[in-house]
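Contents: one structure, followed by commentary.
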Amino acid sequence: MNKAQWHKGRYGHEFFRFEIDKYGTLKYANNSNYRRDSIIQKTLQLSPTLINEIQRIIKDSEIMHEDSSKWPHQDENGRLQLEIEMNGQSINIETAKISSLADTLSTEDPEGLRVLYYLIQDFKCIILSIISLHFKIKPIA
């Protein structure tokens with residue numbers, strides 16, 4: 001599974017990307033260029049239980065059944081790309097960056113984009129939580 005979101009903001013080319021391979025290896029990268037920060041890159045191994053939970057979230061979202069042909073194309077605000085290969089099925093979606101749920105309302109397929117929006121929010125929450133827990137600099141006392 002791959003997920004990436006790019007845009008050119010006031011700090012230049014910014015992106016948030018993660019990839020989970022079939023062996024459960026999570027590769028994470030985040031480049032904000034804020035205050036000339038460097039790219040944050042992390043790699044770690046996910047447990048089978050966590051992989052099953054991510055697959056359950058994908059299945060429950062029904063994103064694999066969505067038709068992205070009516071979704072907006074990449075624009076000056078950026079793009080959102082999602083590629084999933086799971087259980088013999090694959091989907092590759094590329095659409096305009098979705099900053100908020102309001103961005104989905106004025107499109108030809110607001111329901112489909114709503115599904116994508118909530119799935120991406122779930123992914124961000126899970127991935128950022130895993131990264132934060134796994135790479136704590138100071139342990140919680």
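Considering all alpha-carbon pairs of segment 54-126, what whole percent are spaced by more than 13 angstrom?
65
For segment 50-141, the fraction of 1.4 Å probe accessible surface lying on carbon and sulfur atoms is 49 percent. Within straight-line reach of K42, meaning a Cα separation under 17 Å, sit the following aspartates and glutamates at least 8 residues removed in sequence or on another chain: E14, E19, D21.
Once you have the Kirkwood Rh of segment 11-95 from its Cα pairs, apply Stokes-Einstein at 25 °C and 0.890 mPa s and quote D in µm²/s. Please report the intermediate quantities before stating the final value.
Numbers: Rh = 15.0 Å.
The Stokes-Einstein estimate is 164 µm²/s.
Could you do me a favour and compute the accessible area per residue for segment 44-100, 1.4 Å probe, result in Å²? Present the calculation step by step, with values, prior to reporting the outcome.
Numbers: 3530 Å² over 57 residues.
In whole numbers, segment 44-100 has 62 Å² accessible per residue.
With bins 10 Å wide beginning at 0, the percent of Cα pairs of segment 26-70 falling in each bin runs 21, 26, 31, 22, 0.
Can you order the peptides 54-61, 78-85, 39-46 by their average number of other Cβ atoms within 10 Å per residue, highest first? Walk me through the numbers before you get to the answer.
Values: 54-61: 14.8, 78-85: 17.8, 39-46: 12.9.
Top of the packing list down: 78-85, 54-61, 39-46.
The values are calculated or read from the model by the stated rules, or taken from the named source; none is laboratory data. Please read these numbers as outputs of a predicted model, since none were measured by experiment. Cβ coordinates were reconstructed from backbone atoms using ideal geometry, including for glycine residues, and neighbour counts include every protein chain displayed. Heads up: the accessible areas ignore ligands, DNA and RNA and are worked out on the full protein's heavy atoms, side chains in. Shrake-Rupley method; radii C 1.70, N 1.55, O 1.52, S 1.80 Å.
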